[in-house]
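A short write-up of the structure that comes next.
The values are calculated or read from the model by the stated rules, or taken from the named source; none is laboratory data. Keep in mind that this is a model prediction, so the values were computed, not measured. When we count neighbours, we look across all protein chains shown, and the Cβ atoms used for this are built from the backbone with ideal geometry, even at glycine. Accessible surface areas use protein heavy atoms only, side chains included; no ligands, DNA or RNA. Shrake-Rupley method; radii C 1.70, N 1.55, O 1.52, S 1.80 Å.
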Amino acid sequence: MPEKRVLVESLVVFAVALCVHRAVWDRFSWCALALAVQAFYVQFKWDHLLRLGNAVFRFRAGANSGLLPACMVAPLLGIVMKERCGAAGMVYFERLGLVVSSSGMAIALFLSVIALGVTKPTPTNTCVLSGVAGGLFVYTAKHSLTVSEVIEVLEVLLIFVYLSMVLLYLLPRCFTPGEALLVLTGISFVLNQLIKRSLNAGESKGDPVDFFLMVVVVGVVLLGLFFAALFFFMDSGTWVSSMFFHMMTAVLGLGVIMPWLYRLIRRNPLFWFYQFLSQTQRRVYLLSYWVLLAASACAVVLYQNAKRASGSKKHQASTVTRKYFHLIVVATYVPGLIYDRQLLYVASAVCLGVFILLEYVRFFTIKPFGHWLRHLLSLFLDERDSGPLVLTHIYLLLGMSLPVWLFPRPCAPKGALPGAGALAHYAGVLAVGVGDSVASVCGSTMGEIRWPGTKKTFEGTMTAIFAQVIAVAVILIFDPAVDLNASYAWILASITLVSLLEAYTSQGRIGKGRTWAPSRQTWCRVSSPARSGPFAAGCRSETLHRGEETRGQ
């Protein structure tokens, strides 16, 4: 059954790649199709390694590698970006799309070589496919990229390799191979772009909003690596360590991140940020509205924990309660997309930085809020949080924000993107906010017919498709900038493919109604027996919470 599920997942990914190939008929789309074929075969090699426990790093249990869909994201995204911006006459972003696509293809080829190198005996057919895909990629890069762009692709690949060795060692059981590929590729590309723009800060000109997200992402990642290296040798749960954490966060933020941002935007970041937020009355109203929604989300968390404390049995948040947060996020993003996308861009970047900083506080058990955050979030843990990090809320934010970050403003010089591309900003709202929520709620409450080989139900998927179609109609009513131009067939096909992929993907799914409660040994073996830092103390605390939740079921 798992093999059938992976096959259907792969068919959906191939359908998406063929749709892009039909719209964009050039050598890059042919190269992406060749990479999809070789990634399909390599994925089964990775799955075999995961089942045997022979992978170099420890990935999250209960899911396949997810290598094929992850390998296709960056190449297809770059191809679409190149086509859209090229048609609009924006040469810089057209070339950037080529770099994005080439970087994704290079990383996918690198992972295929790694998988073939550790597979015994070496599969001859897969080697031939990888060689053909690699040769086609080299031919495509030779005839499409300049020397400087080739160097940039190699830089992204080098950063990816080093980050993989560091983060996957420090954070076992947090990712599947596919998730790690997506996260590390994004961080590698952002870091490379930030270094490039910092070195050319005297020549480059751009909107400060364009630099804000890059500085936030790189800043919090470097901050986490610094504290991970520091607390590897000391206990982070003491007051002395906690005070040092807060002090060094302020020092690195004000002494490194702020000057870095000042060099890029050529003005005081704090003054710019204040002026940006208070620029119009509409922004003040939006911010006030978002503060109220954030307060309501915090109230739900506190209420659910109060029910757990007062109940005779151990209380666990239901699927409906979890999807309430999806509803709050949809209510947050839709007004921002309609009225002020740049404000939403900056606000979502700030939320990402805050979420990651709070996760550092929880993970390292930084006083005075570390243990309190562990207790509050333990109620909402699920099988995707089987490692030392709690990533569900961060993944929700990323899923909603990525379309906004990728298209901070229309690609065309005037107006919005034509046709189906006008809904590009709403992709996260439709797929994650509406589709995933409706599928989970309806599937868990009234689903009876299950898709073969999965725990997902036919009723949940069909309801999700119908809800997304209704959401598109509502968007057309309230957002005059969206004009589908008779692209309804493309919209329906896209919604159907995304819903089917969600139904058949095995990334982070163990089973309906089950709580993933790993033993301490599953992800705490990274630390030595003599260690007393957060990697050991955090394991003991987190295992206690997860054990209580499992007994409560």
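Report yes if some residue within the stretch 205-214 is in contact with a Lys or Arg (Cβ under 9 Å, 6 or more places away or on another chain) and either of a type in the set (Ser, Thr, Tyr) or open to solvent by less than 10 Å² (accessible area, probe 1.4 Å) (or both); otherwise report no.
There is at least one residue in the stretch 205-214 that is in contact with a Lys or Arg (Cβ under 9 Å, 6 or more places away or on another chain) and either of a type in the set (Ser, Thr, Tyr) or open to solvent by less than 10 Å² (accessible area, probe 1.4 Å) (or both).
For the subset of the stretch 379-410 comprising residues that are more than 29 Å from Phe363 (Cα to Cα) and surrounded by 19 or more Cβ atoms within 10 Å (Cβ to Cβ), which member is modelled with the highest pLDDT?
Phe407
Could you list all residues from the stretch 6-31 that are under 18 Å from Gly78 (Cβ atoms) and open to solvent by less than 20 Å² (accessible area, probe 1.4 Å)?
Val13, Ala17, His21, Val24, Phe28, Ser29, Cys31
Taking Tyr285, is it of a type outside the set (A, V, I, L, M), modelled with pLDDT under 85 and in a helix (DSSP H, G or I)?
In short, no.
Within the stretch 355-367, can one find any residue that is open to solvent by less than 40 Å² (accessible area, probe 1.4 Å) and out of contact with any Gly (no Cβ under 9 Å at 6 or more places or on another chain)?
The answer is no, given that none of the residues of the stretch 355-367 is open to solvent by less than 40 Å² (accessible area, probe 1.4 Å) and out of contact with any Gly (no Cβ under 9 Å at 6 or more places or on another chain).
Pick out the one residue from Gly433, Gly421 that is of a type in the set (Gly, Ala, Ser) and at pLDDT 85 or above.
Of Gly433, Gly421, the one residue that is of a type in the set (Gly, Ala, Ser) and at pLDDT 85 or above is Gly433.
Of all the residues that make up the stretch 170-200, how many are in a helix (DSSP H, G or I), aliphatic (A, V, I, L, M) and closer than 21 Å to Ala70 by Cα?
Of the residues in the stretch 170-200, 8 are in a helix (DSSP H, G or I), aliphatic (A, V, I, L, M) and closer than 21 Å to Ala70 by Cα.
Would you be able to tell me the number of residues in the stretch 423-455 that are in contact (Cβ under 8 Å) with a residue 40 or more places away in the chain and hydrophobic (A, V, I, L, M, F, W, C)?
9
Considering every residue within the stretch 239-255, establish whether at least one is farther than 27 Å from Leu170 by Cα, out of contact with any Gly (no Cβ under 8 Å at 6 or more places or on another chain) and hydroxyl-bearing (Ser, Thr, Tyr).
No: the stretch 239-255 contains no residue that is farther than 27 Å from Leu170 by Cα, out of contact with any Gly (no Cβ under 8 Å at 6 or more places or on another chain) and hydroxyl-bearing (Ser, Thr, Tyr).
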